[in-house]
Amino acid sequence: MLTDTNRRVAILLPCYNEELTIGKVVADFKTALPDATVYVYDNNSTDRTAQIATDAGAVVRKEPRQGKGNVIRSMFEDIDADVYIMADGDDTYPAEAAPAMVAKVLEGYDMVIGDRLSSTYFEENKRPFHNFGNRLVRDSINSMFGTHVTDIMTGYRAFSFTFVKTYPVLSRGFEVETEMTIHSLNNNLKLYEMPIKYRDRPEGSVSKLDTVGDGIKVMSTIFRMIREYKPLPFFGGLGAIIAIIGFVLTSGVAFDYWKTGIVARFPTLIGAVMLVIAGLLCIATGIILDVIAKNDRKSFILSTNHFSLLRRERHSDAK
């Protein structure tokens, strides 16, 4: 499948207390992609995760900053490859899908998404609030960006070199997958969704997700990124609502004045005028931030072009 022997594939496995499954996960990926290098980043595990991964043939590194986002940030900074496969160490994702994901990246896609929700996720996942959260996040993001991405929060993805080296990892925890998807949609990157057969954790393996806490973090990430990436609809819509409320209140005072010739509600008039001004300021803020966001997207395109050039030069030197 990999027609160019110079293509390097890296398997990235962020792990925290996964001693029951990490050995099998490493072995499965080494079977699926024998020429790839498997990296396990141990995020302060208190069990034998690191030792078992080493015995299975993985390159094990430590990440002291707790949180999946911190681990992915270190992985992306440290590791150079042409194609990256990111999965979890809990044996919920099928390694046999990895070669097809690699092939799609080599075709030119920036990110390949392992789509659980179109396959077995809702049958295998026994946590109803997780299922509800996945639907809520998916519908929120798709409605805002006008897209049809099926699985926003999957942890099984493949990336190009350019994506990895230009993606700014800001989140510290599990919300990083949502951040990746929003970043890709905002910058109009080439995405490909590939249905995969998700399986629930084996008996004895415990999920590290906090349904309520991590759900709040994910929703706050969506709120923050929409504010940053879609400032005109965000601030413009908020400003329009505030200004309309102020205008309605002002109209009421003006109508009373037209009937009686007296301004009987000065506090209401002052508050209404302030609301109108605040609404107009929000709209102006949205316009200014929208221009800045467009300039950021232009800068991102220049950065991706630069890294693409570096990659081509590296392959030319290697040949």
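The values are calculated or read from the model by the stated rules, or taken from the named source; none is laboratory data. Just so it is clear, the structure is predicted and the values come from calculations on it, not from any experiment. Don't worry about glycine lacking a Cβ; one is built from the backbone with ideal geometry, like all the others, and counts go over all protein chains shown. Surface accessibility is based on the protein's heavy atoms, side chains included, excluding ligands, DNA and RNA. Shrake-Rupley method; radii C 1.70, N 1.55, O 1.52, S 1.80 Å.
Tabulated results
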| item | result |
| --- | --- |
| Whole-Å distance, taken between Cα centres, linking segment 25-99 and segment 244-319 | 42 Å |
| Pairs beyond 28 Å (Cα-Cα), from LYS68/LYS230; LYS24/LYS104; LYS62/LYS230 | LYS62/LYS230 |
| Potential lengthening between ALA27 and LEU170 on full extension [0.36 nm per residue; Cα-Cα distance subtracted] | 48.4 nm |
| Spin-label pair PHE247/SER299, simplified geometry with 7 Å Cα→Cβ offset, distance in nm | 3.5 nm |
| Equivalent ellipsoid, segment 222-280 (semi-axes from 5 times Cα gyration tensor eigenvalues, Å) | 33, 9, 6 |
| Length gained when the stretch THR268-ALA103 is fully extended (0.36 nm per residue, less Cα-Cα span) | 52.9 nm |
| Label point at LEU281 placed 7 Å out along Cα→Cβ; residues across segment 217-247 whose backbone nitrogen lies under 17 Å | 235-247 |
| Cα coordinate range in segment 46-104, projected on the principal axes (Å, largest first) | 35, 24, 19 |
| Rounded tilt (10° steps) of 128-145 against the dominant C-alpha axis of the chain | 60 degrees |
| Segment 7-91: C-alpha gyration tensor shape, a/c 1.5 cut-off, then a/b vs b/c | oblate |
| Accessible area (Å², per residue) of segment 139-185, counting only protein heavy atoms and a probe of 1.4 Å | 29 Å² |
| Cα-only radius of gyration and Dmax that characterise the chain, units Å | 24.5, 89 |
| Normalised contact order of the chain, rounded percent, pairs of Cα under 8 Å and 6 or more residues apart | 17 percent |
| Using alpha-carbon coordinates, inclination of helix 266-318 to the longest axis of the chain, degrees | 20 degrees |
| Rounded percent of accessible protein surface that carbon and sulfur make up, segment 1-70, 1.4 Å probe | 48 percent |
| Descending semi-axes in whole angstrom, ellipsoid equivalent of segment 239-319, from the Cα gyration tensor | 57, 7, 6 |
| Candidates GLU96, GLU107, GLU19, ranked by Gaussian network fluctuation over the chain, Cα under 10 Å, top entry | GLU107 |
| Counting DSSP beta bridges with both ends in the chain, the antiparallel % (nearest 5) | 25 percent |
